[in-house]
Amino acid sequence: MSTTTSHSEAPPSRAERTAHVTCPLCEATCGLEVTVRGDGREPGDVRVRGDRDDVLSRGYLCPKGAAIGELHADPDRLRRPLVKRDGVHVEVSWEEAYAEVARRLSAVQAEHGRGSVAVYFGNPSAHHLAGALYLRPLVRALGTTQVYSAGTVDQVPKMFASGYLFGDVATVAVPDLDHTDHLLLLGGNPLVSNGSMMTAPDVRGKLRRIRERGGSVVVVDPVRTRTADAATEHVAIRPGTDALLLMSLVHTVLDEGLDDLGRLAEHVSGLDEVREVVAAFPPEATAEHTGVDAATTRRLARELAAADRAVVYGRMGTTTSGFGTVASWLVDVLNVVTGNLDRPGGAMFPKAAAGQPNTRPGPRKPFRHGRWHSRVQERPEVMSELPVATLPDEILTPGAGRVRAVVTVGGNPCLSAPDSARMQEAFGSLDLLVCVDPYLNETTRHADVVLPGPSPLERPHYDVLLYQYAVRNVAHWSPAVVDTDVPQEWRTLLTLSGIAAGLGPGADVDALDDEVARQVAASYGVTAAAGLTGPERLVDLMLRGGPYDLTLADVQAAPHGVDLGPLQPRLPEVLSTPSGTVELAAEPFLRDAERLRVTLDEPVGDGLLLVGRRHLRSNNSWMHNLPALSGGTNLCTLQVHPDDAERLGLVDGGPARVVGPAGEVEAPVEVTDRVRTGVVTLPHGWGHDLPGTRGEVAAARPGVNSNLLADARTLDEPTGTATVNAVPVTVVPVSVPTLTVVD
Ligand SMILES: Nc1nc2c(c(=O)[nH]1)N[C@H]1C(S)=C(S)[C@@H](COP(=O)(O)OP(=O)(O)OC[C@H]3O[C@@H](n4cnc5c(=O)[nH]c(N)nc54)[C@H](O)[C@@H]3O)O[C@H]1N2
Ligand SMILES: Nc1nc2c(c(=O)[nH]1)N[C@H]1C(S)=C(S)[C@@H](COP(=O)(O)OP(=O)(O)OC[C@H]3O[C@@H](n4cnc5c(=O)[nH]c(N)nc54)[C@H](O)[C@@H]3O)O[C@H]1N2
Ligand code: SF4
Ligand SMILES: [Mo]
C-alpha cells in the first residue's frame, strides 16, 4: 500500500500509486485495489480491481465499485460551495458560504427557535466517517428534535424490532450465510442490491455454496428476481402480506410442535403470548391474502424447522410494505422458535471491532421509543428521529414549532420519500436550506447554500456502521488515495456545529474536534495514540475500547484488512433488554399484531400493486450521472405481467400512465413474466429532469420519479416508516396520437 501524494500545491505526481480501500458505495464494503495517476481526473487515471486479498470480499466487486473513478472525475460533481443569488447557484469561497449560513441560520433560530431547524441524513452518510462520527455533535449543537433520515423509508422497522427483542437497535441478528443449510429470504434481492442489513460481499457465491453443500434457498418475492433465479424455490407472494405469511409460519411451527428452542429456552421470554397471537393466523386464514396456499406455507415451515442450520432473513420488501415492524419481529421469532438464533448457520450477532454499542463496557440502557412526538401527525420518535414522510407536514403546517430551515447531509428526500410533490413544495418554501452534498440534484437545487465534500478517493474510511452487520468480523482502514483541496466533510460538519452553537462561522474546528474526542475517550475509558486528530483519532479510540484491543496502527498495518473470524454465539451478553432475555412479547409487537389481524377481515382487493426495483448499476437516486452505469438495461420502465398487459391494453415499449394515491407518472411499459400478475414494478430515484439541477448524463435519460405515487400517510404504525412497496395503483395505456400523412 502506498500513501497519498505529499502536498496539494505541488503538481500532483503522475507516478502511479496503488491503495487498498473499502468501497463506500453500498453495504457490502468490498475491498478495492485502486491505482491512480495524478489527481485521478483524466480519463484512464483511475483503475479499479477487486482486492483478491481483502479479508471479507476476496476480490469481489460490482459495476458501481468499478466506476468509483468516474465518480471521482465527474465534471458535474461539486468541488466548491454554492450560494443561491437571485435564484441562481454561484460558486463562492468557503468563508463566504459559511458567513451566509451563519447569518441566516442564526436569524431563523432567533426568530423561530431552535426547534424550527430540521436535519435530514441520507444514505451515504451511513457510509462515511464524517456521517458516522460527526453528525451527532451537529444535532446536539442544533438543539432540535426535528431529526429525519432515509431510515424511515428503509430499515427502521428492523432496528425497532431488534431494539425491543434484544435491547438495542444496533443489536441486529444477521444471517450466517457462510454456514447455513437453509435460507428463507423475504423481500430482498441481494444479487442486485449486494445485501442490506447484512454486510456480505458476493451473495451469489454464498448462495451457490449453500446449494453445493446440499442446502436450500427459498426466496419470497412478488418478482422472480436474480436472487430468485439463484434459489432452490421462489414463492411469488402478494405484496404487503409478508407479516401474514410469517404469522402463519410461526403458527405452523408451534401448532405442529416443530418448535425446538434448544439452549435459547433459558434466554427467551414471551413465547406463550406469541402462541396466543399466532393462533389467529393459521395458513388457511392467510392464503387468500398472501397468494401462498396453505399447503405451501405448512411445507415451508416444516422444511425450515427440519433443517440442521437454518435462518430467516427479511429486507426492503418486508420493512417498507406497511407492517414492517411486525414482519421484522416475526423473522426473529421464527429464528428463535426453530432454535436458530445465535447459533452457527443461523441468525447471529456480529461483534464489530469498533463502535458497536453492544460491546461497550458497563450497563446499557434498554431501547424505548416515543420520548417525544412529531408536532402535526403526533408520530412517536424512534431512535431520536421522526418519520421523513411527515417532514412536509412539519414544514408546511403553520403554528408554533413549524420547521423553517433544513440541513441535509448526503440525502435526496425530494426523490426518496413518498409524495415527492409535497416534499418538493415544502423544500421550496423554506427560509433556509443548507445541503452538505456533492451534487446539485432534485433536493439541493432548493438549497441556499451547498457545501460539497471530497470524493471517496479523497478521504480516509473505516466502516464503523456496516461492520456491525457483517457476516464475518473484520476491520479495515482505507487511506485517502488522492490529495484534495476540498475540505474533509468532518471539518464541514464541525464548522456547521460551531455555527449552530452560536460560535459563528470561524469557530476553532480543532478545538471542537478535541471536545468530541474527549467525550469518546471518556465513554470508553481509553486514550488515543499521540498526534492523531479527526476521524483517525476517534477510530483509534473506538478500536482501543473495542472487544479486540486493536489500535488504528494495527489495522493500518493490514492493507487487506484484519480477519477477526466467523461469527460466534453471543447470548446472553449481547442482550440489554429490561429482563435480560430476548423479549418476544414486547408491547409494541402485540399491539401492531392486532392491527394486522384486522386486515384478515378485509376483502382481498384485485387492484394492481406497485413494488420497487433496484438495478445493479444504480444507487438510489445519485449515480445516474456516471456514463459507465447509465444506459443498457438500467432503465426506468414499468414492468407488467403479460396477462395484465393484455387485459389493460398495454404494449411493450408503449407509454402507460400510472396513478397512485398521491399522484401520477408516465413510463414506458416493459412486459415480462418475471413479475407476478397483479404486480407492477418501477425503480425509485429517477426523475432527473427538474430545472436547477446539474447532471448532464442523468438528465439525458431522466426517467420518472416513482415516489410521486405513494402517499405519505400509509405508514408502518410503530415506526412511521413509509410504504414504498405494495402501493395500490391503476395503470392505463397512454394513447399515442396516430399520425395522419398529409400530402
Ligand atoms: N444496485 C443497487 N444496490 C443497492 C441500492 C441501489 O439502489 N442499487 N440501494 C441500497 C440500499 S439503500 C438498500 S436499503 C438496499 C436494499 O436491499 P434489498 O432489500 O435487497 O433490495 P431491493 O431491491 O429493494 O429488494 C426488495 C425486494 O423486495 C421485493 N418486494 C417488494 N414488495 C414486497 C413485499 O411486499 N413482499 C416481499 N416478500 N417482497 C417484496 C421486491 O420485488 C424486491 O425484489 O440495497 C442497497 N444496494
Ligand atoms: N419508492 C422507493 N423509494 C425509496 C426506496 C425504494 O426502494 N423505493 N428506497 C429507500 C431507501 S432504502 C433509501 S436508503 C433512500 C435513500 O434516500 P436518500 O439517502 O435521501 O437518497 P440518495 O439517493 O441515497 O441520495 C444520496 C445523496 O447523497 C449525496 N452524496 C453522495 N455521496 C456523498 C458524500 O460522500 N457526502 C455527502 N454529504 N453526500 C453525498 C448524493 O449527491 C445525493 O444527493 O431511498 C428510499 N426511497
Ligand atoms: S458491491 Fe457495493 S461495496 Fe462492493 S463494489 Fe459494489 S458498490 Fe462497492
Ligand atoms: Mo437504503
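The values are calculated or read from the model by the stated rules, or taken from the named source; none is laboratory data. Everything numeric in this text was worked out from a predicted model, so none of it was measured. With ideal geometry, Cβ positions are generated from the backbone for all residues, glycine too; neighbour counts draw on all protein chains shown.
Which residues, counting only those in segment 657-703, are buried (at least 21 other Cβ atoms within 10 Å of the Cβ), among the hydrophobic types (A, V, I, L, M, F, W, C) and in a loop (DSSP other than H, G, I, E, B)?
Leu682, Trp686
So Leu610 fits all but one of (1) surrounded by 14 or more Cβ atoms within 10 Å (Cβ to Cβ); (2) touching a strand residue (DSSP E or B) at 6+ places or on another chain (Cβ under 8 Å); (3) farther than 25 Å from Asp154 by Cα; what number is the exception?
(3)
Given the structure, is Pro75 within 15 Å of ligand 2 (Cβ to nearest atom), touching a His at 6+ places or on another chain (Cβ under 8 Å) and either outside any strand (DSSP E or B) or modelled with pLDDT of 95 or more (or both)?
Numbers: within 15 Å of ligand 2 (Cβ to nearest atom): yes; touching a His at 6+ places or on another chain (Cβ under 8 Å): no; either outside any strand (DSSP E or B) or modelled with pLDDT of 95 or more (or both): yes.
Judged against the criteria, Pro75 is not a match.
For (1) touching a Phe, Trp or Tyr at 6+ places or on another chain (Cβ under 6 Å); (2) not in a loop (DSSP other than H, G, I, E, B), each residue gets a yes or a no:
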| residue | (1), (2) |
| --- | --- |
| Pro344 | no, no |
| Ala352 | yes, no |
| Gly355 | no, no |
| Asn358 | no, yes |
| Pro361 | no, no |
| Arg364 | no, no |
| Phe367 | no, no |
| Val376 | no, no |
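Kindly check whether there is at least one residue in segment 653-669 that is away from ligand 3 (no atom under 16 Å from the Cβ), without any contact (Cβ under 8 Å) to a residue 24 or more places away in the chain and out of contact with any strand residue (DSSP E or B) (no Cβ under 7 Å at 6 or more places or on another chain). Don't jump to the end; show me each part of the working.
In the first step, residues of segment 653-669 are kept if they are away from ligand 3 (no atom under 16 Å from the Cβ); the result is 653-669.
After this cut, where a residue has to be without any contact (Cβ under 8 Å) to a residue 24 or more places away in the chain as well, the list is 653.
Now drop any that are not out of contact with any strand residue (DSSP E or B) (no Cβ under 7 Å at 6 or more places or on another chain), which leaves none.
There is no residue in segment 653-669 that is away from ligand 3 (no atom under 16 Å from the Cβ), without any contact (Cβ under 8 Å) to a residue 24 or more places away in the chain and out of contact with any strand residue (DSSP E or B) (no Cβ under 7 Å at 6 or more places or on another chain).
Has segment 470-477 got any residue that is surrounded by fewer than 24 Cβ atoms within 10 Å (Cβ to Cβ) and under 18 Å from Pro535 (Cα atoms)?
There is no residue in segment 470-477 that is surrounded by fewer than 24 Cβ atoms within 10 Å (Cβ to Cβ) and under 18 Å from Pro535 (Cα atoms).
Of Val277, Val292, Val336, which residue is within 13 Å of ligand 1 (Cβ to nearest atom) and closer than 16 Å to His251 by Cα? Spell out the reasoning first.
Details: Val277 fails: within 13 Å of ligand 1 (Cβ to nearest atom); Val336 fails: within 13 Å of ligand 1 (Cβ to nearest atom).
Val292 is the lone residue from the list that is within 13 Å of ligand 1 (Cβ to nearest atom) and closer than 16 Å to His251 by Cα.
Checking Ser57 against (1) touching a residue at least 24 places away in the same chain (Cβ under 8 Å); (2) more than 24 Å from the chain's Cα centre (by Cα), which test does it fail?
(2)
With Arg315, Arg343 as the choices, which residue is within 16 Å of ligand 3 (Cβ to nearest atom) and out of contact with any strand residue (DSSP E or B) (no Cβ under 7 Å at 6 or more places or on another chain)? Break it down into steps so the answer makes sense when it comes.
Details: Arg343 fails: within 16 Å of ligand 3 (Cβ to nearest atom).
Exactly one residue qualifies, and that residue is Arg315.
Could you please tell me which pairs satisfy a Cβ distance under 9 Å, a separation of 6+ or placement on different chains, a first residue in segment 521-548 that is aromatic (Phe, Trp, Tyr), and a second residue that is surrounded by fewer than 19 Cβ atoms within 10 Å (Cβ to Cβ) and part of a loop (DSSP other than H, G, I, E, B)?
Taking only residues 6 or more apart or on different chains, the pairs are Tyr524/Arg360; Tyr524/Pro361.
Please name all residue pairs, on different chains or six or more residues apart, with Cβ atoms under 6 Å, provided the first residue is in segment 349-373 and is farther than 23 Å from Val520 by Cα and the second residue is part of a loop (DSSP other than H, G, I, E, B).
As it stands, the answer is Phe349/Ala173; Phe349/Arg570; Phe349/Val574; Arg371/Glu381; Trp372/Thr145; Trp372/Glu381, since those pairs meet every condition given.
Looking only at segment 629-639, filter to residues that are buried (at least 17 other Cβ atoms within 10 Å of the Cβ) and at pLDDT below 95; which one of those is farthest from ligand 3 (Cβ to nearest atom)?
So the first thing to find is which residues in segment 629-639 are buried (at least 17 other Cβ atoms within 10 Å of the Cβ), and the list is 629-630, 634, 636-639.
Then keep just the ones that are at pLDDT below 95; that gives 630, 634.
Details: Ser630: 16, Asn634: 14 Å.
Residue satisfying both the conditions and the ranking: Ser630.
Being surrounded by 16 or more Cβ atoms within 10 Å (Cβ to Cβ) and touching a Leu at 6+ places or on another chain (Cβ under 6 Å) narrows it down to one residue among Val582, Val555, Val574, Val562; which is it? Step through it out loud before you land on a result.
Numbers: Val555 fails: touching a Leu at 6+ places or on another chain (Cβ under 6 Å); Val574 fails: touching a Leu at 6+ places or on another chain (Cβ under 6 Å); Val562 fails: touching a Leu at 6+ places or on another chain (Cβ under 6 Å).
So the residue among Val582, Val555, Val574, Val562 that is surrounded by 16 or more Cβ atoms within 10 Å (Cβ to Cβ) and touching a Leu at 6+ places or on another chain (Cβ under 6 Å) is Val582.
If Gly401 passes every condition in (1) touching a Lys or Arg at 6+ places or on another chain (Cβ under 7 Å); (2) without any contact (Cβ under 8 Å) to a residue 40 or more places away in the chain but one, which one does it miss?
(2) is the only condition that Gly401 fails.
Anything in segment 597-613 that is more than 25 Å from Val675 (Cβ to Cβ) and touching a residue at least 12 places away in the same chain (Cβ under 8 Å)? List them, or say none. Spell out how you get there, then give the answer.
Filtering segment 597-613 down to residues more than 25 Å from Val675 (Cβ to Cβ) leaves 597-598, 600-601.
Those that are more than 25 Å from Val675 (Cβ to Cβ) and touching a residue at least 12 places away in the same chain (Cβ under 8 Å): Arg597, Leu600.
So, Arg343, is that one out of contact with any Leu (no Cβ under 6 Å at 6 or more places or on another chain), outside the structural domain of Thr723 (by TED's automatic domain parsing) and surrounded by fewer than 17 Cβ atoms within 10 Å (Cβ to Cβ) or not? It would help to see each step written out before you state the result.
Values: out of contact with any Leu (no Cβ under 6 Å at 6 or more places or on another chain): yes; outside the structural domain of Thr723 (by TED's automatic domain parsing): yes; surrounded by fewer than 17 Cβ atoms within 10 Å (Cβ to Cβ): no.
For Arg343, the condition - out of contact with any Leu (no Cβ under 6 Å at 6 or more places or on another chain), outside the structural domain of Thr723 (by TED's automatic domain parsing) and surrounded by fewer than 17 Cβ atoms within 10 Å (Cβ to Cβ) - is not met.
Starting from residues that are assigned to a loop (DSSP other than H, G, I, E, B) and in contact with a helix residue (DSSP H, G or I) (Cβ under 6 Å, 6 or more places away or on another chain), keep the ones in segment 222-237 and report whichever is surrounded by the most Cβ atoms within 10 Å (Cβ to Cβ).
As a first pass, look at segment 222-237 and keep what is assigned to a loop (DSSP other than H, G, I, E, B): 222, 224-225, 230-232, 236-237.
Imposing the further condition that a residue be in contact with a helix residue (DSSP H, G or I) (Cβ under 6 Å, 6 or more places away or on another chain) reduces the set to 230, 237.
On the way: Ala230: 20, Ile237: 23.
Out of the qualifying residues, it is Ile237.
Quick check on this structure: which one of Asp154, Asp176 is buried (at least 24 other Cβ atoms within 10 Å of the Cβ), acidic (Asp, Glu) and within 14 Å of ligand 1 (Cβ to nearest atom)? Explain how you work it out, then say what you get.
Values: Asp176 fails: within 14 Å of ligand 1 (Cβ to nearest atom).
When all the criteria are applied, what remains is Asp154.
Can you tell me which residues in segment 207-221 are in a helix (DSSP H, G or I) and buried (at least 22 other Cβ atoms within 10 Å of the Cβ)? Quick ask: steps written out before the conclusion?
From segment 207-221, those in a helix (DSSP H, G or I) are 207-212; that's our starting set.
Listed by number, the residues that qualify are Leu207, Ile210.
Quick one: is Ala126 surrounded by 17 or more Cβ atoms within 10 Å (Cβ to Cβ), over 19 Å from Gly692 (Cβ atoms), within 16 Å of ligand 1 (Cβ to nearest atom) and modelled with pLDDT under 95? Before the answer, list the steps.
On the way: surrounded by 17 or more Cβ atoms within 10 Å (Cβ to Cβ): yes; over 19 Å from Gly692 (Cβ atoms): yes; within 16 Å of ligand 1 (Cβ to nearest atom): yes; modelled with pLDDT under 95: yes.
The answer is yes for Ala126.
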